[in-house]
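Have a look at the structure below before the remarks.
The values are calculated or read from the model by the stated rules, or taken from the named source; none is laboratory data. The shown structure was predicted, so the numbers you read here are calculated from the model rather than taken from an experiment. Positions of Cβ are generated from backbone atoms using ideal geometry, with glycine treated the same way; all protein chains shown enter the neighbour counts. Keep in mind that these areas ignore ligands, DNA and RNA; they rest on the heavy atoms of the full protein, side chains included. Shrake-Rupley method; radii C 1.70, N 1.55, O 1.52, S 1.80 Å.
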Amino acid sequence: MSGLLVNNLSVSHGAISALRNVTFSVEPGQLAAVIGSNGAGKTTLLRTLSGLKDASSGNAEWEGRAMLGKKPDELVRRGISHVSEGKSVIPELTVKENLVLGGIWRANRSDTNAAIAEVVELFPRLGERMGQSADTLSGGERQMLAIGRALVSRPKLLLLDEPSLGLAPLVIEQIFETIDKLRHKLGLTVVLVEQNAMSALEIADTGVIINLGEVVASGKASDLINDPALRAAYLGY
Amino acid sequence: MRKKILLFIVLGWVLLIVGDRVDELRVYQGAQIAMYTIALASIVLLTGYSGQVSLGNGAMMAVGGYAAALTLTNLQTPIWFAFLMAVIAASLFGALLGAAAARLSGPYLAGTTLALAVGLPAIANQFTFLGGEPGILFDVGFPPERLGEDFTQYKWFFWIASSIALVALFITSNILSSRFGRTWQAVRGNALAAELAGVNSSRWKILAFTISSALAGLAGAVFAMNISLVAPGAYSLALSFALVTGAVLAGISSLPGVAFGALILVAIPEVADALAGRLGDADKLNNYLPGLIVSVLLILSVIYTPNGPGENLRKLRHKRKAH
Amino acid sequence: MQKVFETILIGLSTGSIYALMSLALVLVWRSTRVVNFAQAGQAMFSTYIGFEISSRSEVFWLGLLFAIVAGALLGAGVDYFFMRVLFKHANSGPAAVVAPVIATLGLLGLIRSFVGLTWGGEFKSIETPASTNGFTIGDSTIPFSPLNVLIIVTTALILIALAILFQRTNLGLALRASAYAPEIAQLAGIRTARTRTIGWAIAGGVGGVAGMLVTANNFLSPYSLDLLLVFGFIAAVIGGLESMVGAVIGAFVLGIGLTFILNYVGTSLVFIGGFTVLILVLIIKPDGIMSRGKARRA
């Protein structure tokens, strides 16, 4: 009964320290919103958790097993999927190929096909565009595709990096609704990194506020939303 | 500046004395070292400072060699004028190639100049006035009589080559430590940032190409003098190759290193000869051992001392200090 | 009219060989961002292996098979033992940008000297798999021979196999994804380093075929594939260096074009023709014929 534990994690880019002693945890099946302004270290946090970047100290575990020092491909096989910043699809490939990519690490292609069918059920619009190149999708559709690709790997822990980036307000609302819906439906544990604090905290169970590489506040999302000091200082309204 | 002039005068004086003390073969090798020094300086400027990899410097040497030889044989001009023509012709060609190259990022430039180096003999053979396969003679004549009876031909080459090399290096070192050198480094480091700071990066790349080619052309003319000949075969792909190796060994962005690089380039055939002699002397060994040594050196140095031995020493010292 | 027809046929055969070499270059470029000049050396070494096998067994195809295997192994070895080490060490300072290109040059020199020391510099000729005598139509013999047909057919088969591999298999998808977006590929669970090595192996095998086919019609020496490297590079540039389809089209355009120069102008201008094409493409359409108007920066 242990979800994601991050303990005293520090990461640096060369001589510059990006994260200092970050500690938080996420219970299984919960959604944690990681809030912070540009450059706070949110993206670095996700990149470290998914194995793209090495930590300088601290540890992190998922389901009781260490995550740090592992390659992304190994973590994917352990049910951790990271949707990186900025509509992470490959525009040169078709929608179908982007989805297949999500299950490419499996030896068994029929599992992947079944997973793709489920994803198409969730996002019918992708189903209509299977043969098109991902280049032709709208911004919102691309974000759906990116999340869909991650889902094809049937993750238990989903790391989402700024899914709202560069999208129109209406589409952002849709994306957050979708995330909320599917995480309940699939029982996912989610770490959602966002600048869009209000929308993210609204669908979150817990929140972690990061500023300049350090955790400045964490707790239940509803408490964070209602804390006037935090609202003024970090949530910006 | 005055210190630098003094340094170069002392260097020249040392060379003069050394030239008097060693035998004929060494004097010839000295002239070759001087030639390579100039050629490597051209690579340091182009690759080390402006960040462009070119295999075309062998071709620019050919341009210089042919220009000097044609001037000397057809116009019977003084020697210095032939060398001047080498510089002018090579810079013109360099500016042309540079104008094409400035539009290209790394792989295109390297590939295009590789094509040029591979095809150069074929191209040179196209033009009858270049003398085809056998090439044309390049004869700077006997040393002046006032230098004495026992002043040999090779010593004369050595004198000319060393003085040219000293002057060329002096000028190059001044260029590199000036605004020019710094701008090239800025363009190499981050062309976009340099553009934003108002630097026209392609114009600067062309300039680097032109000056580099001028140096290469000068080296080509000295090379022609040393072997008394210009022929397509002398400016082969292997030469361009050797130049890149020498520059990497020298530390690709270190001008003082070029003398070291040049020394190694001249020493390699010698070492290979000695080795081949020991291993039993088949044609194969004579033909391919120098290439093997050059390639192994190039690979090892590009992996382990990519920025020249100097940097590794600095790092080592840094580490020691830290402990 | 007949001469035009002959020229196109021979051009197709020449273009086939260029296509294989330029594909090898493009495959490596896409995955590693290096124009692998050592490809000429790798192909040459593979061809020498193929030469040994085919001259002993007197079966060209057995030699070709071994050349493919040797090329693939060497390609994988170069990436695994050489490029990985290089990227680990030469990753900072003024040399970082230029180190990979220079390293592949060093490797070309190394393979060349190794081959020279092993087999010497003499010209070797390979058992040809088919007659090099031209077909006779009516009472005239054209220069197009059964060997040319074989070259075209073999290349076509390899291109089809590659197309299936890249478009229809998971490995192909992994190769493409790793080339287009290494980080996304990694996050999707692809072992990108291993995938890259496989890409180098495929390139090496394809290069080996190019070497064998060009040598069947010619001689083999430590320098004999340099020109093929240059033409393969030009073909790849015509295609934009990124696109495999573009590389193949570029190769056929170049092959046919140069054969026209050969037949109508003369041998001596073939290289200059190729070089001129290269410069023209770089000036007029630096992104190649497949580009959709996006400019290539740095």
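Okay, here's what the table says:
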item	result
Matching option when the condition is open to solvent by 50 Å² or more (accessible area, probe 1.4 Å), more than 18 Å from C:LEU20 (Cβ to Cβ), away from chain A (no Cβ under 14 Å) and of a type in the set (A, V, I, L, M), among C:ILE137, C:ILE142, C:ILE160	C:ILE137
From the options A:SER17, A:SER25, A:SER37, A:SER12, residue that is assigned to a loop (DSSP other than H, G, I, E, B) and of a type in the set (S, T, N, Q)	A:SER37
Within segment C:269-291, considering residues that are at the interface with chain B (Cβ under 8 Å from one of its Cβ atoms) and modelled with pLDDT under 80, the one least open to solvent (accessible area, probe 1.4 Å)	C:PRO286
The listed residue being among the hydrophobic types (A, V, I, L, M, F, W, C) and closer than 21 Å to B:LEU96 by Cα, out of C:PHE271, C:PHE252, C:PHE260	C:PHE271
Residue ID - surrounded by the most Cβ atoms within 10 Å (Cβ to Cβ), chosen from residues in segment B:298-310 that are more than 7 Å from chain C (Cβ to nearest Cβ) and modelled with pLDDT of 75 or more	B:SER301
Single condition A:LEU52 does not satisfy, out of (1) farther than 18 Å from A:GLU162 by Cα; (2) within 14 Å of another protein chain (Cβ to nearest Cβ); (3) open to solvent by 20 Å² or more (accessible area, probe 1.4 Å); (4) in contact with a helix residue (DSSP H, G or I) (Cβ under 7 Å, 6 or more places away or on another chain)	(1)
Residue count, segment C:11-33 (criterion: surrounded by fewer than 22 Cβ atoms within 10 Å (Cβ to Cβ) and of a type in the set (Val, Ile, Thr))	1
Residue check, A:LEU158 open to solvent by less than 10 Å² (accessible area, probe 1.4 Å), modelled with pLDDT of 90 or more and either outside any helix (DSSP H, G or I) or within 12 Å of chain C (Cβ to nearest Cβ) (or both)	yes
Residue list for segment C:51-70, filter: touching a residue at least 60 places away in the same chain (Cβ under 8 Å) and assigned to a helix (DSSP H, G or I)	C:PHE51, C:SER54, C:SER55, C:PHE60, C:TRP61, C:GLY63, C:LEU64, C:ALA67, C:ILE68, C:VAL69, C:ALA70
Meets criteria (in a helix (DSSP H, G or I), touching a residue at least 24 places away in the same chain (Cβ under 8 Å) and either open to solvent by 40 Å² or more (accessible area, probe 1.4 Å) or out of contact with any Gly (no Cβ under 9 Å at 6 or more places or on another chain) (or both)) for C:LEU73	yes
Count of residues meeting criterion [open to solvent by less than 20 Å² (accessible area, probe 1.4 Å) and at pLDDT 90 or above] in segment A:204-229	5
Condition check for C:VAL85: open to solvent by less than 30 Å² (accessible area, probe 1.4 Å), among the β-branched types (Val, Ile, Thr), within 11 Å of another protein chain (Cβ to nearest Cβ) and more than 19 Å from the chain's Cα centre (by Cα)	no
Flag if C:PRO94 is at pLDDT below 90, crowded, with 19+ Cβ neighbours inside 10 Å, more than 24 Å from C:LEU241 (Cβ to Cβ) and not hydroxyl-bearing (Ser, Thr, Tyr)	yes
Residue that is nearest to the other protein chains (Cβ to nearest Cβ), among those in segment C:114-134 that are on the phi < 0 side of the Ramachandran plot and free of Cβ contacts under 8 Å to residues at least 40 places away in the same chain	C:LEU117
Residue in segment A:125-143 that is over 15 Å from A:LEU192 (Cα atoms), of a type in the set (D, E, K, R), open to solvent by less than 40 Å² (accessible area, probe 1.4 Å) and not in a strand (DSSP E or B) present	yes
For B:GLN52: the one exception among (1) more than 16 Å from the chain's Cα centre (by Cα); (2) more than 17 Å from B:PHE223 (Cβ to Cβ); (3) not small (Gly, Ala, Ser)	(1)
Index of the failed condition, B:THR73 passing every other in (1) part of a loop (DSSP other than H, G, I, E, B); (2) more than 14 Å from chain C (Cβ to nearest Cβ)	(1)
Subset of segment A:90-122 (residues that are in a loop (DSSP other than H, G, I, E, B) and open to solvent by 10 Å² or more (accessible area, probe 1.4 Å))	A:PRO91, A:GLU92, A:ILE104, A:TRP105, A:ARG106, A:ALA107, A:ASN108
Matching residues, segment B:47-58, being in a helix (DSSP H, G or I) and more than 10 Å from every other protein chain (Cβ to nearest Cβ)	B:ASN57, B:GLY58
Segment B:1-43, subset modelled with pLDDT of 85 or more and not small (Gly, Ala, Ser), residue farthest from B:VAL167 (Cα to Cα)	B:ILE43
Subset of segment A:59-85 [farther than 17 Å from A:VAL190 by Cβ and open to solvent by less than 40 Å² (accessible area, probe 1.4 Å)]	A:LEU68, A:PRO72, A:ASP73
Boolean, A:LEU93 is facing another protein chain (nearest Cβ under 8 Å), farther than 22 Å from A:GLY3 by Cβ and in contact with a Leu (Cβ under 8 Å, 6 or more places away or on another chain)	yes
Any hit, segment A:16-28, residues being open to solvent by 10 Å² or more (accessible area, probe 1.4 Å), in contact with a helix residue (DSSP H, G or I) (Cβ under 8 Å, 6 or more places away or on another chain) and of a type in the set (D, E, K, R)	no
Any chance B:ILE160 is assigned to a helix (DSSP H, G or I) and farther than 30 Å from C:ALA103 by Cα	yes
Scope segment C:34-55; condition of a type in the set (Ser, Thr, Tyr) and either open to solvent by 30 Å² or more (accessible area, probe 1.4 Å) or modelled with pLDDT under 95 (or both); matching residues	C:SER54, C:SER55
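This table checks each residue for (1) within 18 Å of B:GLY119 (Cα to Cα); (2) open to solvent by less than 30 Å² (accessible area, probe 1.4 Å); (3) out of contact with any strand residue (DSSP E or B) (no Cβ under 7 Å at 6 or more places or on another chain).
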| residue | (1), (2), (3) |
| --- | --- |
| C:ALA210 | no, yes, yes |
| C:SER224 | yes, no, yes |
| C:PHE231 | yes, yes, yes |
| C:VAL237 | yes, yes, yes |
| C:VAL253 | no, no, yes |
